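Below is one structure, written out as structure tokens; comments come after it.
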Amino acid sequence: MTLLTFLGTGNYDEVKYYYGDKTNYFKSKFIQEALMNIFNENKMIVFVTPQAIVNKNFEELLEKFPNLKAVEIPVPKSEEEFWKLFEIIIESVGEGEEIIFDITHSFRSIPFIGFLIALFLKEVKNVKIKGVYYGAYEPNKEYAPIIDLTPMINLAEWIYAVKDLKKYGRSDSIKELLDNSRGKKLGSLLDNISKSIYYNLCGITISKAYELNSQKEKLNKILPQIKPMEYIKNDIFEFTKFGIKDFVNKSDNSIKAKLNIEILEKLFELAKYQKEKQLIPQFFQSIREWLIDMLIYEVGKDNEYFLNTWVDENTRKFIEYILYNISINKDKSKTEIIEIIENSLNNDEKENKEIEEYLKELKENNIEIKDVVSKLKNTIDNFKEEKIDIIKLLNDIRNIRNPISHAGRKKSVSYKKLDKIENLANNILKECEKILSYIKTVEK
């Protein structure tokens, strides 16, 4: 383990430096010597200014530790000198080293800069910071406490973690910080929610968000005991807006809830959150599925079978098949489109057992193909009257979602600049917001 320390030119008096209680002390005029003995350090790097390296303090310390490494640094007075100091300290520490940082005799702004450099070393060189210490010497006192400033490194970790949560919706860093505290269960719950948002598993997101909401009263008592968490509880509880009771089967997290307007609202909020947190690929996937949910919901107003089977693959394929035929036959009448779809499905039924079984299931539930086609066509036409083109929306999403989903491996890519993707996401979100608002208005 390596001690990184600074040495000045002042008159240092001998004192009993102690850590913890006064029985754990070492008597010396040099805090460096005390730290080396109390913490059993085996290597020392001393940062000294041009004035300090020729001072008696350095000569005496060198006599005590002949193997110490002296590194000359400037007293930074300009931005250029600040960066020079930064470079010198960074290059003096090896990859993966374990260090303790002593800032007792740092000069002027150097303690602050040194602290930031320690954080940088931790991230860039995988340096393990075992401690940051300050020897609180006072004249005419026998003892001087060694103050442990290491918790400030922990505070910096909280800064990173809070930024991750607020800007990107990630809570894995918060989970790590909470693992050894009373908030361990909360950390795991938050991690499950944020990961499910990234993985686009809405069933887990909604069920875990409800679980978080149900623990809100209990958590409001715990959070003040974990100081940084108290100040970000609004960001934490933002996840609760996605929650719905009994949304999934507990055994496998598969969705069991019957589709309703509340679910549509929550799933829209979830897609919106993904867009806000710059999860653009996830947003395009979510909002495309949301449009299908919305159309199934509209069809389900005439037959609850669709509200109960909205997540079934066959139901979604059936609705998407009708939508596809409506889009490629937009110049034909509703009657003509119904005839085309019925004939096509009847022909496919003879060759595909799965389609045959699904059409049979529809008949058992008194569902006529023509009624579903008619309802979807009317829904699309009603939205057109509101200047919302559902078919165009789905095509716009497909044209960008497909290249993203296939990692750009498409001959025809519908964008030239990356910012066009985000602009498209903004426009689609606005159109879908109008759709949801229209549905809620009609149902009032």
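Here, each number is a calculation from the coordinates, and none is a lab measurement. Everything quoted here is computed from the prediction, not taken from an experiment. All Cβ positions, even for glycine, are placed from backbone atoms using ideal geometry, and neighbour counts span all protein chains on display.
Distances over 42 Å make up what percent of all Cα-Cα pairs in the chain?
42
At R0 = 51 Å, how high is the FRET efficiency between Tyr438 and Leu155 if r is their beta carbon distance? Nearest 0.05 is fine.
Efficiency at R0 = 51 Å is approximately 0.60.
Can you return the aspartates and glutamates within cross-link range of Lys275? Criterion is Cα-Cα under 18 Å, with same-chain partners fewer than 8 residues away left out.
Leaving aside aspartates and glutamates fewer than 8 places away in the same chain, those within reach of Lys275 are Asp164, Asp235, Glu238, Glu265, Glu289, Asp396, Asp419, Glu422, Glu431, Glu433.
Using only Cα positions of region 277-444, each an equal point scatterer, no hydration layer, compute I(q)/I(0) via Debye at q = 0.09 Å⁻¹ and quote the log10 values to two decimals.
Debye output, listed in q order: -0.34.
Suppose every Lys and Arg Cβ carries +1 and every Asp and Glu Cβ carries -1, with no other charges. What dipole size does the chain come out with about its Cα centre, to the nearest 20 debye?
In total the dipole reaches around 440 debye.
Just want the answer: with Cβ charges of +1 for Lys and Arg and -1 for Asp and Glu, which residue in Phe115, Gly300, Ile153 is farthest toward the dipole's positive end in the chain?
Towards the positive end, the residue furthest out is Gly300.
Would you list, by chain and number, the aspartates and glutamates whose Cα falls below 19 Å from the Cα of Lys332, excluding same-chain residues fewer than 8 positions away?
The reachable aspartates and glutamates, counting only those whose Cα sits under 19 Å from Lys332, are Glu320, Glu342, Asp371, Asp381, Glu385, Asp389.
Which distance in nm do the two modelled labels at Arg182 and Glu14 give, with both placed 7 Å along the Cα-to-Cβ direction?
Result: 4.8 nm between the two label points.
Which lysines, if any, have their Cα less than 24 Å from the Cα of Lys250, not counting same-chain residues under 8 positions apart?
Lys250 reaches Lys175, Lys184, Lys185, Lys195, Lys208, Lys216, Lys218, Lys241, Lys258, Lys266.
Compute the long axis of helix 202-214 from its Cα atoms, compare it with the longest principal axis of the Cα atoms of the chain, and write down the angle in degrees, 0 to 90, nearest 10.
60
Round to a whole angstrom and tell me the spacing of the C-alpha centers of region 120-163 and region 276-346.
Result: 59 Å between the Cα centres.
Calculate, in nm to one decimal, what Ser109 and Trp83 gain on full extension: separation in residues at 0.36 nm each, minus their alpha carbon distance.
Contour length minus Cα-Cα distance gives 8.1 nm.
At 0.36 nm per residue, minus the direct Cα-Cα distance, what do Gln51 and Ile90 gain on full extension? Give it in nm, one decimal, please.
Working it through step by step, the gained length comes to 11.9 nm.
Report the calculated FRET efficiency for Glu336 and Lys384 (r = Cβ-Cβ distance, R0 = 25 Å), to the nearest 0.05.
E(calc), rounded to 0.05, equals 0.90.
Regarding region 224-266, what's the average projected area of the Cα-atom convex hull, expressed in nm²?
Convex hull of Cα atoms, orientation-averaged projection: 4.4 nm².
Would you kindly give the portion of the calculated P(r) for region 2-149 that falls above 29 Å, as a percent of all Cα pairs? Walk me through the numbers on the way to the answer.
On the way: 1253 of 10878 pairs.
Percent of Cα pairs beyond 29 Å in region 2-149: 12.
For Cα pairs less than 8 Å apart in space and 6+ apart in sequence, what is the mean separation divided by the residue count of the chain, i.e. the relative contact order in percent?
On the way: 520 pairs, mean separation 40.5, N = 444.
RCO, the chain: 9 percent.
Using Cα pairs under 8 angstrom and six or more residues apart, how large is the relative contact order of region 254-394, in percent?
Relative contact order, region 254-394: 22 percent.
Within region 105-132, whose backbone N sits under 12 Å from a point 7 Å along Cα→Cβ of Lys227?
Answer for this model: none.
Can you compute the modelled spin-label distance between Thr240 and His406, with each label point 7 Å from Cα toward Cβ, in nm?
That separation, rounded to one decimal, is 4.5 nm.
Could you work out the mean projected area of the convex hull around the alpha carbons of region 150-257, in square nanometres to one decimal?
Reported value for the Cα convex hull: 6.7 nm².
For helix 151-163, report the angle its Cα long axis makes with the longest principal axis of the Cα atoms of the chain; keep it between 0 and 90° and round to the nearest 10°.
The angle comes out at about 20 degrees.
Below 8 Å between Cα atoms, with a sequence gap of 6+, how large is the relative contact order for region 140-190 in percent? Please list the in-between numbers first.
Numbers: 28 pairs, mean separation 12.0, N = 51.
That works out to 24 percent.
Full extension from Thr23 to Val124: what is 0.36 nm times the residue separation minus their Cα-Cα distance, to one decimal in nm? Please list the in-between numbers first.
Values: separation 101, 0.36 × 101 = 36.36 nm, distance 3.78 nm.
Result for the pair: 32.6 nm of gain on full extension.
Report, in whole Å, the centroid distance computed from the Cα atoms of region 20-86 and region 173-224.
With region 20-86 and region 173-224 each reduced to a Cα centre, they are spaced 45 Å.
Which angle between 0 and 90 degrees, to the nearest 10, do you get for helix 110-124 versus the longest principal axis of the chain when only C-alpha atoms count?
In the chain, helix 110-124 runs at an angle near 50 degrees to the longest axis.
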